[in-house]
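Right, one structure below, let's go through it.
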Amino acid sequence: MSAPEPSSGLKWTIIWLLVGTAVFLVMQYVLHESRRPKAILQDGTVVLTKGQGGHYYWDGQVNGHPVEFLIDTGASMTSVSEDLAEQAGLQGQRSITMHTAAGAVEAKLSEADIELKGMGRFERLQVVILPTRDTTAMVGMNVLGKLHIQQQEGQLRLKAATSSDASR
């Protein structure tokens, strides 16, 4: 004795659910890719295009761990979340209070090797480990202050400052 076949209506419902799921997954991928930064290297200058929400994102690494940094000119220091710090093997060396847009936050100081696509490596850079449980990373002014930055027409152009620039 064999099991009864599902009705034609149930078959079509399952087919449409599968089609709907496939369309949803494709749209999620397309939306994610549209947010991703478009980094172009031109004569030693990194050119980033605005991503979702008008923000600039920059691919890089924290202690060799791949990460997507948010460019934050309002942050004095480069920061990573607790989750990202754990994945990158960072240990908090001492506690500090950070004053963020969301208010005062207890954080930890650490050091990391930060690499930014097209710009090179910043070794033993002081970073802040923020008490968040996600994979957030932000490039702050302790890195950006070493670069020439120009924003124009939806693009952010970043170029390493020369030693003669530092003497001015």
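Some points to look at:
- Residue in the range 33-43 that is over 14 Å from the mean Cα position of the chain (by Cα), modelled with pLDDT of 65 or more, over 15 Å from residue 71 (Cβ atoms) and exposed (fewer than 10 other Cβ atoms within 10 Å of the Cβ) present: yes
- Evaluation of residue 112 against the conditions (1) in contact with a Ser or Thr (Cβ under 9 Å, 6 or more places away or on another chain); (2) under 22 Å from residue 47 (Cα atoms) shows that the sole unmet condition is (2).
- Of the residues screened, residue 78 is one that is at pLDDT 85 or above, closer than 20 Å to residue 156 by Cβ and touching a helix residue (DSSP H, G or I) at 6+ places or on another chain (Cβ under 8 Å).
- Every pair of residues 6+ apart whose Cβ atoms lie under 8 Å, when the first sits in the range 130-151 and is touching a residue at least 40 places away in the same chain (Cβ under 8 Å) and among the acidic types (Asp, Glu) while the second is surrounded by 14 or more Cβ atoms within 10 Å (Cβ to Cβ) and in a loop (DSSP other than H, G, I, E, B): none
- Filtering the range 51-106 to residues that are of a type in the set (A, V, I, L, M) and out of contact with any Gly (no Cβ under 8 Å at 6 or more places or on another chain) leaves 62, 70, 71, 80, 84, 90, 96, 98, 102, 104, 105.
- Subset of the range 111-160 that is surrounded by fewer than 19 Cβ atoms within 10 Å (Cβ to Cβ), among the small types (Gly, Ala, Ser) and assigned to a strand (DSSP E or B) - its residue that is nearest to the chain's Cα centre (by Cα): 120
- If you go through the range 54-71 and keep only what is part of a loop (DSSP other than H, G, I, E, B) and surrounded by 21 or more Cβ atoms within 10 Å (Cβ to Cβ), you end up with just 56.
- Flag for residue 82 being surrounded by fewer than 18 Cβ atoms within 10 Å (Cβ to Cβ) and either of a type outside the set (Lys, Arg) or over 18 Å from the mean Cα position of the chain (by Cα) (or both): no
The values are calculated or read from the model by the stated rules, or taken from the named source; none is laboratory data. It should be emphasised that the depicted structure is a prediction, and the values quoted were computed from it without experimental measurement. Glycine also receives a Cβ, built like all others from the backbone with ideal geometry; neighbour counts cover every protein chain displayed.
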